[in-house]
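Working notes, beginning with the structure itself.
The values are calculated or read from the model by the stated rules, or taken from the named source; none is laboratory data. Only a predicted model underlies this, so the values are computations on that prediction, with no experimental measurement involved. Every residue, glycine as well, gets a Cβ built from its backbone with ideal geometry; the counts of neighbours run over all protein chains shown.
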Amino acid sequence: MLVAGGIIQCSHKGQLKMSEGDSRLTVSGNGAITFGMESGLSFAPGSPGIVSPCPFTDPKSGSPSPCASTLPAIAGQATLLTIGGTPVLLDNATGQATNPSDPSATWSVASAGQSLLSTS
């Protein structure tokens, strides 16, 4: 299960730390990340939670072209564990990232932020 403090990364290895989770379900004091909380995050330099910015450069211009936003998860939503009817995200969550120079950009979980709970 992904919790606040967990890290997601784009397919170019830019990373950001999830800052807030839902406090109705916590693991070691960190709130669970529910579906939708992963959407709209940026891997651009200076964005909130950046651990390391997206290093992608536009192959045509050579200019920096970081992943600008995350789209909602397309996989890795819990089917049994929900908070207020909203699924929590699991450590295998993944989705699309928007990058004008790389339409195949994606994001995935690099670290769930906890090691107490696991799924099978």
For segment 8-48, which positions are touching a Phe, Trp or Tyr at 6+ places or on another chain (Cβ under 9 Å) and of a type in the set (A, V, I, L, M, F, W, C)?
ILE8, CYS10, LEU16, LEU41, PHE43
Scan segment 35-90 residue by residue and report those that are of a type in the set (D, E, K, R) and either closer than 21 Å to VAL3 by Cβ or surrounded by 18 or more Cβ atoms within 10 Å (Cβ to Cβ) (or both).
GLU38
Using beta carbons and a limit of 7 Å, which pairs, at least six apart or on different chains, have the first residue in segment 44-61 and within 15 Å of GLN9 (Cβ to Cβ) and touching a residue at least 40 places away in the same chain (Cβ under 8 Å) and the second one basic (Lys, Arg) and in a strand (DSSP E or B)?
VAL51/LYS17
Filter result for the condition that a residue is polar (S, T, N, Q) and within 21 Å of ALA4 (Cβ to Cβ), over GLN114, GLN96:
GLN114
Residue, nearest to the chain's Cα centre (by Cα), within segment 16-33, restricted to residues that are in contact (Cβ under 8 Å) with a residue 40 or more places away in the chain and under 13 Å from LEU89 (Cα atoms):
MET18
Give ASP91, ASP58 a once-over and let me know the one that is among the acidic types (Asp, Glu) and under 16 Å from ALA112 (Cα atoms).
ASP91
From the residues in segment 107-120 that are part of a loop (DSSP other than H, G, I, E, B) and in contact with a strand residue (DSSP E or B) (Cβ under 7 Å, 6 or more places away or on another chain), which one is modelled with the lowest pLDDT?
THR119
Enumeration of residues in segment 82-116 that are farther than 17 Å from LYS17 by Cβ and either in contact with a helix residue (DSSP H, G or I) (Cβ under 6 Å, 6 or more places away or on another chain) or among the polar types (S, T, N, Q) (or both):
THR82, THR86, ASN92, THR94, GLN96, THR98, ASN99, SER101, SER104, THR106
Test: SER104 is hydroxyl-bearing (Ser, Thr, Tyr) and in a loop (DSSP other than H, G, I, E, B)
yes
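If I ask for residues that are out of contact with any Leu (no Cβ under 7 Å at 6 or more places or on another chain) and part of a strand (DSSP E or B), which ones from segment 70-86 would you list?
LEU71, PRO72, ILE74, ALA75, THR79, LEU80, LEU81, THR82, THR86
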Segment 56-69: number of residues that are over 13 Å from the mean Cα position of the chain (by Cα) and assigned to a strand (DSSP E or B)
2
Just one listed residue, out of GLY62, GLY14, GLY46, is within 16 Å of THR106 (Cα to Cα), among the small types (Gly, Ala, Ser) and at pLDDT 95 or above, and it is GLY14
